[in-house]
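Trainee: Take this structure, written in structure tokens, and hold onto it; I'll ask about it next.
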Amino acid sequence: MKFTLPFLVLFAVVAGLLNAQPASATSFNPGRIIDDGVFTEATSMGVGDIQQFLNSKVPVCDTNGTQTSEYGGGTRAQWGQANYGQSTFTCLKDYSENGKSSAQIIYDTAQQYGINPKVMLVLLQKEQSLVTDTWPLNIQYRSATGYGCPDTAVCDSQYYGLTNQVTWAAKMFRAIINDSPTWYTPYVLGDNYIRYSPDASCGGSTVTIANRATQALYNYTPYQPNAAAIAAGWGSAPCGAYGNRNFYLYYTNWFGSTTGTPSYGYSVVSRDVYSDATLQTKLPNLLTVEPDSSFYVKLVIRNTGNQVWYKNSLNIGGDAPQNRASLFASDTWLNAARPATINEASVSEGGSGTFTFKMTAPKELGDYSEQFGVLIEGNRWLSGTLTIPITVASSSPVYYVKPLSFDAYSDATLTTKINLTGISKYTGSKIYIKAVLKNTGNQMLPVSVTKIAPTNPLNRSSIYADSSWANSARIVGAKEGDLAPGATGTYIYSMTAPSAPQAMSQEQFGVVLEGQQWLTENLGTVSIQTLQRPPSELVENQTLKIGDSLLSYDERFRLVLQGDGNLVLYSPYRAVWSTQTQGKGGARLVMQNDGNLVLYRADWTPVWSSNTAKRGGGSKLIPQTDGNLVTYTPSWSPTWWTGTNGQQ
Amino acid sequence: MKLRTNNKKTPKKFLLIALAIIAGLTLVYGVFAFQTKAWPFSPASTVNLNPTSSEEKSTGEEIKSDSVNNNTPPNKATPSNDISPSAASASVLFSATTQDNTTYHIRVLIETVLDGGTCALSLTKSGEQTYTANADIQSGPSSSTCKGFDIPLTDLSPGTWVATVTITSGSTTGTATKDITVQ
């Protein structure tokens with residue numbers, strides 16, 4: 001226990017040493033000289049802190065100018081008297097104006113405009129060296145922050161005086177931080193061309209200004225240091241402009257990093273819903289609204305991070321999942337997933353930002369939980385979710401359905417799902433549709449009058465209608481029967497390709513409440529075309545040419561005479577048999593009247609045969625649904641087969 | 001019942017109790033300080049209270065020297081009988097030319113502090129109508145700028161335009177020209 005205190009002291013010394021950071025201009029970032037959060041940290045120093053800091057930088061002031069003048073002409077008092085009529089000098093730590101100490105002036109101005117007093121101290125140094133000067137001239141106080149002092153001309157008298165200078169500087173900084181519409185700056189957030197020096201021949205480069213604080217500093221010193229000025233550290237270099245570099249160096253040397261660790265966060269101050277756009281009539285928290293009706297949300301949140309929020313950057317967005325498009329989006333929204341940006345031009349740490357936006361209820365009745373998040377667009381989502389529970393209900397009859405699914409299948413048992421687009425079917429073949437929807441209105445939907453039907457246009461007759469349909473313009477009702485509010489209905493029907501080939505078309509379907517209204521005109525769409533069905537048999541004297549095929553009745557097995565001369569039988573998954581005549585010139589397959597099945601070249605020389613000649617005329621070749629390829633006599637006696645039955 | 005006392009042991013016991021209290025208080029403060037970031041667990045001060053370094057001092061002297069050189073000492077000022085303003089030219093350059101979804105933004109740096117005046121912008125594209133706009137001049141700390149040119153894209157067709165800005169403030173004038181690309 002007796003080692004506790006020494007240990008604590010040792011710990012403090014080590015911690016202090018670890019925090020010492022040497023300043024280097026090489027880490028100067030021209031697009032982000034200082035963070036907004038650091039720049040606007042108005043409470044970083046009190047009056048006493050400022051005074052203590054000023055005292056530390058000038059322990060002894062040469063008030064009477066007894067030291068030798070750096071500009072020649074004897075002592076500083078003699079040089080000052082000769083040139084500026086002053087032989088005594090007041091250091092900044094001792095300076096006062098209208099009864100206020102310099103520390104108090106700096107502090108008060110920083111508080112008034114919400115600017116870090118450290119920024120103001122560095123500004124006084126980088127413009128007039130007032131923090132470290134042991135014998136400042138009156139002209140240095142007159143233009144203390146360089147406001148109204150062009151780099152190439154004398155200073156403007158309308159801005160003279162320490163208080164005046166500090167105030168103008170802070171006022172301008174705040175205007176730029178707030179993106180004031182009445183305060184224009186030569187540079188903007190984003191890409192700018194910034195010279196290295198007032199001398200145009202020194203050139204410049206494009207700088208992407210990342211934040212308002214950096215924009216504000218460039219409004220003060222509209223030049224950037226070139227590489228040589230950066231490399232020179234505290235020194236000078238050809239074509240160097242040092243204002244922003246020196247700001248960075250002094251700030252880093254005296255107060256640490258200009259960038260700090262950014263933090264982001266918010267807390268909800270208030271969340272209210274109104275019935276009117278002027279936000280006068282508040283609605284209860286348990287919100288119940290009519291379908292298609294609009295209401296207005298005002299949300300106030302506090303910035304609990306250390307980064308400044310900006311209009312058109314800090315937005316509210318659909319959440320759960322992020323970027324969710326809301327069913328309550330209205331015409332005031334930025335898009336369906338972005339209700340609004342903050343109303344304020346900027347919101348500093350601890351400040352409050354306001355979102356106001358209109359929400360329009362969907363037609364669909366039900367209980368909703370609209371979840372939103374706050375995000376810095378293109379950067380990050382802030383932690384937290386805002387939830388607005390909304391019940392959409394109506395005392396009037398509401399007929400509405402919500403499509404839940406719409407799928408196509410190749411089989412009647414609805415086990416093999418197929419893509420809804422680009423479906424190709426042979427004449428007479430079927431696909432099967434299963435659609436599921438929910439009655440989201442408040443009225444019963446009787447099965448006798450609630451039917452799936454072709455749409456686009458409404459009441460269209462479909463060429464894909466078949467016996468499962470009521471007629472070509474009406475299909476089926478729900479298999480569950482009548483649908484009560486909230487109930488789910490399942491609709492199953494088939495589509496049969498017509499007897500003639502058809503080009504690709506969009507078969508759109510909706511739901512009609514017969515004689516009253518269409519509940520939805522777009523339940524789902526099938527993109528389908530009809531192809532000519534290949535023959536299912538090759539009879540006596542018929543020929544299968546290159547590219548032709550035979551198709552089993554169930555469309556599962558296909559016999560193809562390929563371009564390479566090979567005759568191949570395919571299952572739905574693979575080739576199950578072939579004549580293995582690829583490259584041998586086979587050009588036509590003939591079911592001869594002698595019962596022989598022969599593959600000929602173009603010059604009628606045979607390549608392959610079934611060796612069933614003289615087995616009788618009238619034979620036919622059939623790819624069977626069991627996968628066997630068989631030649632039959634007219635009396636259905638098999639004369640040749642591949643033996644591939646049962647293969648898949 | 002007879003009370004047992006031992007007066008000889010009282011000072012040592014008192015000392016032990018006092019030490020225990022001190023140790024306890026130290027421990028309690030240690031925990032408190034650690035949790036509240038009080039001394040000695042407080043972050044090292046971010047304010048450097050060391051005397052001015054030689055680098056800070058020499059750079060400060062350079063800054064002061066520049067300031068002195070930019071302000072003619074009143075005792076050295078030369079009286080002038082010429083009271084008529086003479087024409088002067090100001091350096092002007094395009095500092096930002098950017099485009100967003102709806103607007104083309106043009107910003108200008110005037111490298112001197114001007115008291116009032118106007119900026120005239122013209123955009124020309126061969127074979128097309130010239131776009132013109134005027135704006136007041138706003139002075140800044142050490143320079144001036146035109147009070148923004150935010151041009152609706154509906155007024156500009158895509159392509160290369162020649163932008164010219166001419167500033168006038170009293171007898172001071174300046175001009176700059178730049179090709180800009182509207183997308």
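Trainee: Conditions first: (1) polar (S, T, N, Q); (2) without any contact (Cβ under 8 Å) to a residue 12 or more places away in the chain; (3) under 16 Å from residue A:219 (Cα atoms). Residue B:130 passes all but one, so which condition is the exception?
Mentor: Every listed condition holds for residue B:130 apart from (3).
Trainee: So, one more: Restricting segment B:110-150 to residues that are of a type in the set (S, T, N, Q) and assigned to a loop (DSSP other than H, G, I, E, B), which is farthest from the other protein chains (Cβ to nearest Cβ)?
Mentor: B:129
Trainee: In the set A:588, A:615, which member is in the same structural domain as residue A:575 (by TED's automatic domain parsing), charged (D, E, K, R) and modelled with pLDDT under 95?
Mentor: A:615
Trainee: Which residues, counting only those in segment A:534-567, are outside any loop (DSSP other than H, G, I, E, B) and more than 25 Å from residue A:614 (Cα to Cα)? Reasoning before the result, please.
Mentor: First, the residues of segment A:534-567 that are outside any loop (DSSP other than H, G, I, E, B): A:538-539, A:543-545, A:549-551, A:558-561, A:567.
Within segment A:534-567, A:549, A:551, A:558, A:560 meet the criteria.
Trainee: Going through A:414, A:404 one at a time, which residue ends up being on the phi > 0 side of the Ramachandran plot and out of contact with any Gly (no Cβ under 7 Å at 6 or more places or on another chain)?
Mentor: Among A:414, A:404, only A:414 is on the phi > 0 side of the Ramachandran plot and out of contact with any Gly (no Cβ under 7 Å at 6 or more places or on another chain).
Trainee: Please enumerate the residues belonging to segment A:599-623 that are buried (at least 20 other Cβ atoms within 10 Å of the Cβ) and out of contact with any Phe, Trp or Tyr (no Cβ under 6 Å at 6 or more places or on another chain).
Mentor: First, pick out the residues of segment A:599-623 that are buried (at least 20 other Cβ atoms within 10 Å of the Cβ): A:599, A:610, A:619, A:621-623.
Across segment A:599-623, the qualifying residues are A:619, A:621, A:622.
Trainee: Suppose we filter A:236, A:270 for residues that are without any contact (Cβ under 8 Å) to a residue 12 or more places away in the chain, among the hydroxyl-bearing types (Ser, Thr, Tyr) and either not in a loop (DSSP other than H, G, I, E, B) or not assigned by TED's automatic domain parsing to the domain that holds residue A:346 (or both); which single one remains?
Mentor: Only one candidate passes the filter, namely A:236.
Trainee: Give the residue that is farthest from residue A:39 (Cα to Cα), with candidates limited to residues of segment A:203-233 that are more than 10 Å from every other protein chain (Cβ to nearest Cβ), out of contact with any Phe, Trp or Tyr (no Cβ under 7 Å at 6 or more places or on another chain) and assigned to a loop (DSSP other than H, G, I, E, B).
Mentor: Going through the qualifying residues, I end up with A:232.
Trainee: Could you list, in sequence order, the residues of segment A:568-611 that are touching a residue at least 12 places away in the same chain (Cβ under 8 Å), aromatic (Phe, Trp, Tyr) and not in a strand (DSSP E or B)?
Mentor: A:573
Trainee: If you don't mind, another one. Can you tell me which residue is nearest to the chain's Cα centre (by Cα) among those in segment A:360-384 that are under 26 Å from residue A:438 (Cβ atoms) and polar (S, T, N, Q)?
Mentor: A:371
Trainee: Hey, another quick one. Within segment B:84-109, can you find the residues that are more than 8 Å from chain A (Cβ to nearest Cβ) and not polar (S, T, N, Q)?
Mentor: Once the filter is applied, which keeps residues that are more than 8 Å from chain A (Cβ to nearest Cβ) and not polar (S, T, N, Q), segment B:84-109 yields B:85, B:87, B:88, B:90, B:92, B:100, B:104, B:106.
Trainee: So, one more: What is the one condition in (1) assigned to a helix (DSSP H, G or I); (2) within 20 Å of residue A:218 (Cα to Cα); (3) of a type in the set (Ser, Thr, Tyr) that residue A:107 does not satisfy?
Mentor: Just one mismatch for residue A:107, condition (2).
Trainee: Filtering segment A:115-140 down to residues that are more than 24 Å from residue B:48 (Cβ to Cβ) and either part of a helix (DSSP H, G or I) or at pLDDT below 95 (or both), which residue is nearest to the other protein chains (Cβ to nearest Cβ)? Can you show your working first?
Mentor: Within segment A:115-140, the subset more than 24 Å from residue B:48 (Cβ to Cβ) is A:137-139.
This time we only want the ones that are either part of a helix (DSSP H, G or I) or at pLDDT below 95 (or both), so: A:138-139.
Details: A:138: 10, A:139: 5 Å.
Applying the filter and picking the extreme gives A:139.
Trainee: Kindly indicate the residue of segment A:143-158 that is more than 7 Å from chain B (Cβ to nearest Cβ) and within 19 Å of residue A:247 (Cβ to Cβ) and also modelled with the lowest pLDDT among those meeting that condition.
Mentor: Here the answer is A:143.
Trainee: Starting from residues that are closer than 27 Å to residue A:36 by Cα and surrounded by 14 or more Cβ atoms within 10 Å (Cβ to Cβ), keep the ones in segment A:263-276 and report whichever is modelled with the highest pLDDT. Let's see the steps before the verdict.
Mentor: Step one: of segment A:263-276, the residues closer than 27 Å to residue A:36 by Cα are A:263-270.
From the residues that got through so far, the ones that are surrounded by 14 or more Cβ atoms within 10 Å (Cβ to Cβ) too are A:264-266.
Working: A:264: 90, A:265: 93, A:266: 96.
Among them, the one singled out is A:266.
Trainee: Are there any pairs, at least 6 apart or on different chains, whose C-beta atoms fall under 6 Å, with the first in segment A:209-222 and in the same structural domain as residue A:146 (by TED's automatic domain parsing) and touching a residue at least 12 places away in the same chain (Cβ under 8 Å) and the second part of a helix (DSSP H, G or I) and among the acidic types (Asp, Glu), and if so, which?
Mentor: A:211/A:36; A:212/A:36; A:213/A:36
Trainee: For segment A:326-369, name all the residues that are more than 24 Å from residue A:283 (Cα to Cα) and either free of Cβ contacts under 8 Å to residues at least 12 places away in the same chain or small (Gly, Ala, Ser) (or both).
Mentor: Hits for segment A:326-369 are A:335, A:345, A:346, A:348, A:350, A:351.
The values are calculated or read from the model by the stated rules, or taken from the named source; none is laboratory data. Note that the coordinates shown come from a computational prediction; the quantities given were computed from them, not determined experimentally. Heads up, the Cβs are rebuilt from the backbone with ideal geometry, glycines too, and the neighbour counts pull from every protein chain shown.
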